[in-house]
Number of protein chains: 2
Amino acid sequence: METRAPRQRVGRAERERQILDAAVAVFSERGYQNASMDAVAKQVGVTKPVLYSHFGSKEGLLLACITQTRTQLLEVTSVAAAAADGPEDMLRRGTKAFFDFLDVQRPAWALLCSESAISAATCSALEEIRRQQTDFIAGMLAVQVPDADPHRLIGWANVIVGACERLAVWRGRDPRLTGEQATEYLMDLVWTGLAPRRP
Amino acid sequence: METRAPRQRVGRAERERQILDAAVAVFSERGYQNASMDAVAKQVGVTKPVLYSHFGSKEGLLLACITQTRTQLLEVTSVAAAAADGPEDMLRRGTKAFFDFLDVQRPAWALLCSESAISAATCSALEEIRRQQTDFIAGMLAVQVPDADPHRLIGWANVIVGACERLAVWRGRDPRLTGEQATEYLMDLVWTGLAPRRP
DNA sequence: AACGGTAAGTTACCACGGGTAAGTTCCCTG
DNA sequence: CAGGGAACTTACCCGTGGTAACTTACCGTT
């Protein structure tokens, strides 16, 4: 009754990272729906129940991928904005950082934008990313237009987040469009539109 | 060997409409993933293979729902824009019509925005909707800013489409936000931002 | 150094739902 | 009154998410 020994025993935290990496790769390549848990497990060099002991369900694994990406996105954009030397530069650098992030984390982004609106829970997780960025941007705008209605600031922030998302998708289809150019198109409308409001 | 007779025999076109209606209802209520084909079939009063003979697959049925909604959306927005008495009014009426459409076709919209990015094919179908609206808007902008770079016009149109989408989702969470107000927030940035470009 | 206890993994299985093959009933036409 | 085809049904297959029960390696304790 010889059972093949486990290939490699490994600490919990490290396994979790391995699984997350494999999941992003497999999900983004084949698409979440077409990717089986067995495929992810195989990529790690492990069997299915291991995944379930760590993430509970296929959707749980997807959620973990999304959450990780969300954290990275906020990190990257806020660092970039912090390095700015003025309000216009802040908006510009933040936007640019967003587009750069997509280049670096392309599979993770593909997963987010194309394949993960699978259930109420995952939709909420995606919305959480947008809400996070919206709040962040609204905060920036509040500094520039201090006497504006807060509700209106959120509205503008939503405009910007939506615009960025769409420009990003467009850029995915047409790689000739650089991040700089996309940023410029956004600034054309948004920054110019904001001009009469600034004190 | 008595087999229960078919409940009701009906022409192909009519069945197709019945199935589409049922699919929008069932998919949007339970969510596409959780909705079984049997559930849709039951709603129509029919068995599963009937659905497959009409739409080929579950995804095919979803695609048909999306396509139908897309057609309706272009119809509604272009009719509204055609009734305008000037460029600003055109942008405003088109935007407003979009938000009104969401109110009328709420289940269809819920299906689009929350539950259908399921595969490459359905994602393409959703993108097709956005491309359609983007082209439409770029055409409008071209009239207003005749000497602008066409590529830039598409960029601006993407900004607008993305902004509308996000504002719509925000409005879904906060029903106090009226369609008029959402439109106004968009106009704040976009129309004002366009001002220095107009001849 | 032997020894339990626990964390890490495995095998083997279930159930549900998408999809299909084959058979049945009804209607319409010649 | 055939008989042919369109509309439907029954009964089934099978892939995949998810789980229960068992095994094995590691580690601190006496």
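The values are calculated or read from the model by the stated rules, or taken from the named source; none is laboratory data. Owing to the predicted nature of the structure, the values given are computational and were not obtained by experimental measurement. Because the Cβ atoms are built from the backbone with ideal geometry, glycine has one as well, and the counts that use them run over all protein chains shown. Only protein heavy atoms, including side chains, enter the accessible area calculation; ligands, DNA and RNA are left aside. Shrake-Rupley method; radii C 1.70, N 1.55, O 1.52, S 1.80 Å.
Quick rundown of the values:
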{"item": "Accessible-area composition of the protein assembly as shown, carbon plus sulfur, in percent [1.4 Å probe]", "result": "52"}
{"item": "Value of D in µm² per second that Stokes-Einstein yields for region A:93-199, Kirkwood Rh from Cα pairs, at 20 °C (1.002 mPa s)", "result": "144"}
{"item": "Total accessible surface hidden between B and A, rounded to 100 Å², 1.4 Å probe", "result": "3500"}
{"item": "Dipole of chain A [Lys/Arg +1, Asp/Glu -1 at C-beta], most positive-end residue of A:V79, A:G193, A:A39", "result": "A:A39"}
{"item": "Region A:88-185, relative contact order [Cα under 8 Å, separation at least 6], %", "result": "31"}
{"item": "Chain B: most fluctuating residue of B:L177, B:L62, B:L74 per GNM, C-alpha cutoff 10 Å", "result": "B:L177"}
{"item": "Cβ-derived FRET efficiency at R0 41 Å, B:R197 paired with B:Q72, nearest 0.05", "result": "0.80"}
{"item": "Neighbour net charge for B:N158 - beta-carbon separation under 9 angstrom, K R +1, D E -1", "result": "+2"}
{"item": "Shielding by other protein chains, A:180-193, mean Cβ within 10 Å", "result": "5"}
{"item": "Accessible area per residue in Å² at 1.4 Å probe, computed on region A:66-197", "result": "40"}
{"item": "Dipole magnitude of region A:12-56, debye to nearest 20 (Cβ charges: Lys/Arg +1, Asp/Glu -1, about Cα centre)", "result": "100"}
{"item": "Normalised contact order of chain A, rounded percent, pairs of Cα under 8 Å and 6 or more residues apart", "result": "18"}
{"item": "Nearby lysines by direct alpha-carbon distance to A:K48 (threshold 20 angstrom, same-chain neighbours under 8 apart not counted)", "result": "A:K58"}
{"item": "Longest to shortest principal axis, alpha-carbon extents of the protein assembly as shown, angstrom", "result": "78, 62, 38"}
{"item": "Unit charges on C-beta of K, R, D, E only; dipole of chain A, Debye", "result": "660"}
{"item": "Rounded if a/c under 1.5, otherwise prolate or oblate - region B:44-126, Cα gyration tensor axes", "result": "prolate"}
{"item": "Region B:44-93 and region A:125-179: distance between their alpha carbon centers, rounded to Å", "result": "28"}
{"item": "About the Cα centre, charge dipole magnitude for the protein assembly as shown (Lys/Arg +1, Asp/Glu -1 at Cβ), debye", "result": "1280"}
{"item": "Between 0 and 90°, nearest 10: helix A:179-194 axis offset from chain A longest Cα axis", "result": "40"}
{"item": "For chain A, built as a Gaussian network whose Cα springs stay under 10 Å, the top-fluctuating residue of A:E184, A:E127, A:E14", "result": "A:E14"}
{"item": "Label-to-label distance, nm, for residues given as B:D149 and B:K48 (7 Å Cα→Cβ offset)", "result": "5.4"}
